[in-house]
Amino acid sequence: MLDNLIAFVLFGLILGAAALAQAAGAPRAVFSPLAGLGLLSLFLYLPVATALLRGQSLGKRVLGIRIVRDQGGPITWGRIFLRELLLKQIVQLALFPLFVVDSLWAAFDKERRSLHDFVVRTHVVDCGRVGASAIAGMDDDGVEPPHP
């Protein structure tokens, strides 16, 4: 839910910039690409953020959860895009009843997994909530931690 809010805010900012450009008399060649970029941001924010933040989007980071493979290893870019873009967004938007079933499935599953987790063989695990500095990619002292 938090990630959807972030995606819609990003979309709104980009679309707002496109509308301002059009109102200021910018040619259609400026408005159309900005509007397209705004629409792409709705679909690409979640998979790209999740991939760049190693299994966490900004919303998942705030909630202290991470996506991992069933074996516990890190999730790959391919699995992230399959899970977040294809299964959670495109298929569920096209087939609303599947969205409802997928959303409710976790409530009844003993491991709290949704159907899309079974398809791509992933789990959402608790990794502890983080502070604002960690969301920005820094430790509590404001220094970027070393990469393994």
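The values are calculated or read from the model by the stated rules, or taken from the named source; none is laboratory data. From a predicted model like this one, the values you see are computed outputs, not experimental measurements. Every residue, glycine among them, receives a Cβ derived from its backbone with ideal geometry; neighbour counts consider all protein chains shown.
Among the residues of region 42-68, write down those that are closer than 16 Å to Val9 by Cβ, under 10 Å from the mean Cα position of the chain (by Cα) and assigned to a helix (DSSP H, G or I). If the condition is that a residue be closer than 16 Å to Val9 by Cβ, under 10 Å from the mean Cα position of the chain (by Cα) and assigned to a helix (DSSP H, G or I), then Leu42, Phe43, Leu44, Tyr45, Leu46, Val48, Ala49, Leu58, Gly59 are the ones that fit. Taking Ala17 as the residue in question, decide whether it is surrounded by 15 or more Cβ atoms within 10 Å (Cβ to Cβ) and not β-branched (Val, Ile, Thr). Yes, satisfied.
The set of residues in region 72-82 that are out of contact with any strand residue (DSSP E or B) (no Cβ under 6 Å at 6 or more places or on another chain) and not polar (S, T, N, Q) comprises Gly72, Gly73, Pro74, Trp77, Gly78, Arg79, Ile80, Phe81, Leu82. Considering only region 134-143, I want to know if a residue exists there that is farther than 30 Å from Ala21 by Cα, assigned to a helix (DSSP H, G or I) and modelled with pLDDT under 85. Among the residues of region 134-143, at least one is farther than 30 Å from Ala21 by Cα, assigned to a helix (DSSP H, G or I) and modelled with pLDDT under 85, which makes the answer yes. Taken as a whole, the structure places Leu53 among residues that are in contact with a helix residue (DSSP H, G or I) (Cβ under 7 Å, 6 or more places away or on another chain), modelled with pLDDT of 90 or more and either over 23 Å from His123 (Cα atoms) or among the hydrophobic types (A, V, I, L, M, F, W, C) (or both). Criterion applied to Gln71, Gln92 was being within 24 Å of Leu39 (Cβ to Cβ) and either in a helix (DSSP H, G or I) or modelled with pLDDT under 90 (or both), and the one residue passing it is Gln92. The set of residues in region 26-52 being free of Cβ contacts under 8 Å to residues at least 24 places away in the same chain, surrounded by 17 or more Cβ atoms within 10 Å (Cβ to Cβ) and under 15 Å from Ala7 (Cβ atoms) consists of Val48 alone. Against the test of being surrounded by 13 or more Cβ atoms within 10 Å (Cβ to Cβ), touching an Asp or Glu at 6+ places or on another chain (Cβ under 7 Å) and more than 16 Å from Ile6 (Cα to Cα), the options Gly59, Gly64, Gly55 yield a single qualifying residue, Gly64.
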